[in-house]
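Presented below is the structure to which this report refers.
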């Protein structure tokens, strides 16, 4: 049935070492922000923002709630990166 969430399905989060646009941890933080918004992150016993997320947010010069809003309003990495670029953050490298 469409739209019904299976409570037994455990969401996945990309690893901290996965790079996105040259930023290590950005892909994981993106996944965590989206899952935190939907309430699914607690299934993984993870937090957003974590200490590592806060370091990356500082590097991006971005607030955690602004990042979460951008993550939730985009459903693909490339779309997110386009929005991130509008804030003045340039990719370290094209991924």
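The values are calculated or read from the model by the stated rules, or taken from the named source; none is laboratory data. What you see is a predicted model, and the numbers here were worked out from it, not measured in a lab. Cβ: placed from backbone, ideal geometry, glycine included. Neighbour counts: every protein chain shown.
Some points to look at:
- Residues located in the range 65-80, provided they are surrounded by fewer than 17 Cβ atoms within 10 Å (Cβ to Cβ) and either touching a helix residue (DSSP H, G or I) at 6+ places or on another chain (Cβ under 6 Å) or in contact (Cβ under 8 Å) with a residue 60 or more places away in the chain (or both): 72
- Check on residue 11, over 15 Å from residue 91 (Cα atoms), in a loop (DSSP other than H, G, I, E, B), in contact with a helix residue (DSSP H, G or I) (Cβ under 8 Å, 6 or more places away or on another chain) and at pLDDT 95 or above: no
- The condition (being at pLDDT 90 or above and touching a strand residue (DSSP E or B) at 6+ places or on another chain (Cβ under 7 Å)) is satisfied by just one residue among 63, 53, 77, 31: 77.
- Residues within the range 20-51 that are exposed (fewer than 14 other Cβ atoms within 10 Å of the Cβ) and on the phi < 0 side of the Ramachandran plot, tallied: 5
- Taken across the range 81-88, residues that are assigned to a loop (DSSP other than H, G, I, E, B) and touching a residue at least 60 places away in the same chain (Cβ under 8 Å) do not occur at all.
- Evaluation of residue 56 against (1) assigned to a loop (DSSP other than H, G, I, E, B); (2) in contact (Cβ under 8 Å) with a residue 24 or more places away in the chain (one fails), failing number: (1)
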